[in-house]
Amino acid sequence: MKDGHAYLNRNAQRLADSMIADAGLLRVGHSRGSLGEHLIDAGANHAGGIEAGLRIVEICMGGLGTVSAGLDRNTAKWPYSIDVRSSQPVLACLGSQYAGWNLSHEKYFAMGSGPVRALARVEPLFEQIAYREPDAQSSVIVLETAEPPPAAIVEKVSKAINLGPEKLTFIYAPTQSLSGSTQIVGRVLEVALHKAHDLRFPLDAIVDGAGRAPIPAPHPDFLTAMGRTNDAIIYGGLVQLYVRGSSEAARDLAQQLPSHTSRDYGQPFADIFRKFKGDFYAIDPHLFSPAEVIVTAIETGDTFRSGSFNNAMLEESLG
């Protein structure tokens with residue numbers, strides 16, 4: 001696929017350059033690393049904020065998503081919510097936004113998000129995403145961490161995508177920051193797409209989508225902060241997908257997508273994480289999905305809704 005409207009890395013670079021230009025307004029920092037790479041600190045040693053987090057979500061989606069924040073009276077104590085939508089949701093969310101590239105080295109651990117993944121194509125997921133961007137001149141990588149990448153990680157990315165380090169922009173923000181928590185909750189649509197893929201729903205049948213989730217208060221403790229961002233989606237997320245195919249297929253997807261179908265549903269995520277001794281892979285993967293899902297079959301005009309907002313769990317988790 002070479003779509004003139006879908007140059008993920010070109011779009012993301014334009015947005016990253018805008019972040020650098022607006023660094024003072026966004027309360028983020030820009031510097032150069034030891035190999036010449038661009039570094040944007042969006043919440044570690046610089047304060048960042050919700051606006052910086054929204055910009056990061058747009059970058060993560062390769063410029064193929066529309067991202068905003070607003071007040072939603074239905075979310076009780078947490079009315080400030082993020083809205084994400086895309087008319088190319090598979091490419092924006094799974095081809096770019098999903099944190100699927102392990103960029104760890106020695107004691108440094110980070111999962112890479114953003115359009116760089118579509119250049120590296122090192123994940124099995126890309127066997128089902130035909131997108132190619134062979135003429136990319138630069139790339140952007142987003143990391144959920146408080147530390148900039150060490151030189152070994154910069155070199156790894158550079159070699160994987162055949163671009164010099166000076167052509168790379170790394171954006172990093174810890175989960176405990178306002179920027180970090182915002183950009184993580186901004187994955188509400190992405191987790192629905194990822195679960196649909198796990199359920200073997202054909203990706204090419206998903207043609208449009210939108211999602212909303214409350215923005216939780218950040219917390220200085222990593223586990224608490226991580227729990228809040230997950231719970232905002234698991235117990236407070238809402239997603240609508242527009243799909244091709246039969247009404248029956250759309251109905252089945254709507255019934256299977258919400259988080260309440262998971263065996264681990266019903267506890268704060270931080271408690272679940274402790275129960276499994278920090279092993280993400282021991283947690284039921286079907287838990288990682290929005291609380292409520294709407295699926296519209298565009299060829300028949302039928303719409304199906306399943307799941308529900310869980311205010312009690314949000315009260316327990318979000319503080």
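The values are calculated or read from the model by the stated rules, or taken from the named source; none is laboratory data. None of these values were measured; they are calculated from a predicted model. In this analysis, Cβ positions are derived from the backbone assuming ideal geometry, glycine residues included, and neighbour counts consider all displayed protein chains.
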Mind listing whichever residues of the range 305-319 are under 22 Å from Arg263 (Cβ atoms) and either without any contact (Cβ under 8 Å) to a residue 12 or more places away in the chain or hydrophobic (A, V, I, L, M, F, W, C) (or both)? Phe309, Ala312, Met313, Leu314
Looking at (1) in the same structural domain as Leu54 (by TED's automatic domain parsing); (2) among the basic types (Lys, Arg); (3) modelled with pLDDT of 95 or more; (4) farther than 25 Å from Gly53 by Cα, which one does Arg200 not meet, given that it meets all the others? (1)
List pairs: first in the range 75-86 and at positive phi, second of a type in the set (S, T, N, Q) and surrounded by fewer than 20 Cβ atoms within 10 Å (Cβ to Cβ), Cβ under 7 Å, 6+ apart or cross-chain? Ala76/Asn311
Picking from Ala76, Ala42, Ala52, which residue would you name as being surrounded by fewer than 18 Cβ atoms within 10 Å (Cβ to Cβ) and among the hydrophobic types (A, V, I, L, M, F, W, C)? Ala76
For the range 82-109, which residues satisfy the criterion of being closer than 21 Å to Asn162 by Cβ and in contact with a helix residue (DSSP H, G or I) (Cβ under 9 Å, 6 or more places away or on another chain)? Gly95, Ser96, Gly100, Trp101, Leu103, His105
Counting just the residues of the range 131-150 that are not polar (S, T, N, Q) and not in a loop (DSSP other than H, G, I, E, B), which one comes out nearest to Ala110 (Cα to Cα)? Leu143
Using beta carbons and a limit of 7 Å, which pairs, at least six apart or on different chains, have the first residue in the range 1-26 and farther than 16 Å from Ile50 by Cα and of a type in the set (S, T, N, Q) and the second one outside any helix (DSSP H, G or I) and modelled with pLDDT under 95? Asn9/Glu133; Asn9/Ala136
By residue number, the members of the range 275-307 that are polar (S, T, N, Q) and more than 30 Å from Thr224 (Cβ to Cβ) are Thr296, Thr300, Thr303
Regarding His105, is this residue in contact with a strand residue (DSSP E or B) (Cβ under 6 Å, 6 or more places away or on another chain) and assigned by TED's automatic domain parsing to the domain that holds Pro165? no
Would it be correct to say that Ser246 is among the hydroxyl-bearing types (Ser, Thr, Tyr), touching a His at 6+ places or on another chain (Cβ under 8 Å) and in the same structural domain as Leu199 (by TED's automatic domain parsing)? no
Within the range 274-304, count every residue that is among the hydrophobic types (A, V, I, L, M, F, W, C) and in contact (Cβ under 8 Å) with a residue 60 or more places away in the chain. 3
With the requirement that a residue be touching an Asp or Glu at 6+ places or on another chain (Cβ under 7 Å) and not in a helix (DSSP H, G or I), what does the range 155-168 give you? Leu168
Residues of the range 210-238 being over 16 Å from Leu314 (Cα atoms) and under 14 Å from the mean Cα position of the chain (by Cα), which ones? Ala210, Gly211
Selected residue [surrounded by fewer than 18 Cβ atoms within 10 Å (Cβ to Cβ), assigned by TED's automatic domain parsing to the domain that holds Pro220 and under 19 Å from the mean Cα position of the chain (by Cα)] from Pro285, Pro290: Pro285
Exclusive hit being buried (at least 16 other Cβ atoms within 10 Å of the Cβ), free of Cβ contacts under 8 Å to residues at least 60 places away in the same chain, within 21 Å of Gly53 (Cα to Cα) and among the charged types (D, E, K, R), set Arg121, Arg117: Arg117
Just one of the numbered conditions (1) under 23 Å from Asn11 (Cβ atoms); (2) without any contact (Cβ under 8 Å) to a residue 60 or more places away in the chain is not true of Ala192; which one? (2)
Every residue from the range 87-130 that is among the basic types (Lys, Arg) and in a loop (DSSP other than H, G, I, E, B): Lys107, Arg121
Tell me which of these Ser179 doesn't satisfy, since it passes every other one: (1) more than 19 Å from Val67 (Cα to Cα); (2) in a helix (DSSP H, G or I). (1)
Which residue is modelled with the highest pLDDT, if the candidates are limited to the range 134-173 and must be closer than 15 Å to Leu8 by Cβ and loosely packed, with under 15 Cβ neighbours inside 10 Å? Gln137
